1. Cβ contacts < 6 Å: first residue more than 24 Å from Lys191 (Cβ to Cβ) and at pLDDT 95 or above, restricted to segment 54-65; second residue of a type in the set (Phe, Trp, Tyr) and surrounded by 24 or more Cβ atoms within 10 Å (Cβ to Cβ), any location; separation 6+ or different chain. Result?
2. Scan segment 113-135 residue by residue and report those that are of a type in the set (Lys, Arg), assigned to a helix (DSSP H, G or I) and within 15 Å of Asn151 (Cα to Cα).
3. Please state which one of Leu281, Leu299 is farther than 30 Å from Thr88 by Cα, assigned to a helix (DSSP H, G or I) and either β-branched (Val, Ile, Thr) or at pLDDT 95 or above (or both).
4. Give me the residue from segment 240-267 that is of a type in the set (Val, Ile, Thr) and in contact with a strand residue (DSSP E or B) (Cβ under 7 Å, 6 or more places away or on another chain) and, out of that set, nearest to the ligand (Cβ to nearest atom).
5. When you go through Thr171, Thr159 one by one, which is the residue that is more than 9 Å from the ligand (Cβ to nearest atom), in a helix (DSSP H, G or I), β-branched (Val, Ile, Thr) and closer than 27 Å to Val274 by Cα?
6. Examine segment 102-119 for a residue that is basic (Lys, Arg) and under 17 Å from Ile84 (Cβ atoms), and state whether such a residue exists.
7. Pick from Gly162, Gly195: which is surrounded by fewer than 24 Cβ atoms within 10 Å (Cβ to Cβ) and under 20 Å from Phe298 (Cα atoms)?
8. Which of the residues spanning segment 235-250 are over 18 Å from Ala148 (Cβ atoms), over 13 Å from the mean Cα position of the chain (by Cα) and buried (at least 24 other Cβ atoms within 10 Å of the Cβ)?
Amino acid sequence: MTQHRREIIKSAALTATGMVLGTMSPLKSQEAPAQKQTNARPQEGTSRLLVGKVALVTGAARGIGRAIAIDFAKNGANVALLDIADPTGGMPISGYRLANESELDETVAAVRALGVKALKLKVDVRNNNAMKEAAALTARELGGLDIAVANAGIAIWTTIEGSNEQQWRDTIDVNINGVFNTIQAVVPHMKARQGGRIITISSIGGRQGVVGNGAYGTTKWAVIGLTKSAAIEFGASNITVNSIAPGPVNTPLYRSQGQLRSTGVKSFEEQDKVVGAMLPLKAKPALDPQDIADTATFLASDHARFISGEVIDVALGYNTIYTA
Ligand SMILES: NC(=O)c1ccc[n+]([C@@H]2O[C@H](COP(=O)([O-])OP(=O)(O)OC[C@H]3O[C@@H](n4cnc5c(N)ncnc54)[C@H](O)[C@@H]3O)[C@@H](O)[C@H]2O)c1
């Protein structure tokens, strides 16, 4: 195998995955009225971190979104679970399918079984008005809105040269516009609560160039730009905005024919071998959704009340190769 081919496989294997004068400190917590809800130090001995909070999670039917919704519920939050819940989503998806409605129903039931309120929202994050209605419904039905996770995302495994315009537009529409729509929809409700937490899901593909999946990489870099800009814009409203950049995670998106093709391998065993070799932490060849949920719950909790505009790589150490 040539060095060039090795480099392509190396990058492709992991694709699924301003400070301006006068705005030196986006979080103006000292100027804002003291908010027990978001600025209080967690009480000693409190093991459930989100009691009394309301969260909205997009892409919640399965995978990372599902694990986050369930972990939030275990920590005492009432959760609105939003998903397109339509296997093709009206897009030329290939290489895997999006979630269906029974997967969303199962996750809603799993959250409810934990003794908190769960609200099912079958909504497409690409629809700005529908997202605003979903956020308003969440606030009305669950009694406010404190936490939002903009997690819904898709992958269409094509090169820049090989993409057709529709594939490019669909990836941008879900992965960037969907995050923008989520943020725009939830902020007014968080302002009404005098604070909140927004968490976006980028990727290690948003921290480096991505071979073989140009649109996906582009969108995941954009999510980080949007996260940092939002952290500045909403800091004075006591809303933190942070991103998680996962490495490979065991979900239908990563364990898919599309991802295998893009990695240049034929089986999940081979995928683990090729990808695992690049990860400094050898505990497992790919993360589990719960590993991402652990960080999301931390960012949503009072422990993270003074962290904003940050990107946390949860990537089994793959991030050690980044130049920044
Ligand atoms: N799995 C990985 O290795 C990995 C790595 C890095 C980043 N990510 C990111 O994590 C996030 C979750 O991915 P996952 O691996 O759990 O994938 P997944 O495909 O298992 O889950 C994504 C969910 O989003 C939903 N969704 C897709 N388009 C939607 C739309 N327009 N509106 C509403 N819901 C929609 C799907 O139905 C699905 O339930 C994505 O943003 C993905 O890019 C995943």
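1. none
2. none
3. Working: Leu281 fails: assigned to a helix (DSSP H, G or I).
Just one listed residue meets the conditions, Leu299.
4. Across segment 240-267, the extreme among qualifying residues is Val249.
5. Of the residues listed, the single one that is more than 9 Å from the ligand (Cβ to nearest atom), in a helix (DSSP H, G or I), β-branched (Val, Ile, Thr) and closer than 27 Å to Val274 by Cα is Thr171.
6. There is no residue in segment 102-119 that is basic (Lys, Arg) and under 17 Å from Ile84 (Cβ atoms).
7. None of the other options fit; the residue is Gly195.
8. Pro248
The values are calculated or read from the model by the stated rules, or taken from the named source; none is laboratory data. Keep in mind that this is a model prediction, so the values were computed, not measured. All Cβ positions, glycine included, derive from the backbone under ideal geometry; neighbour counts span all protein chains shown.
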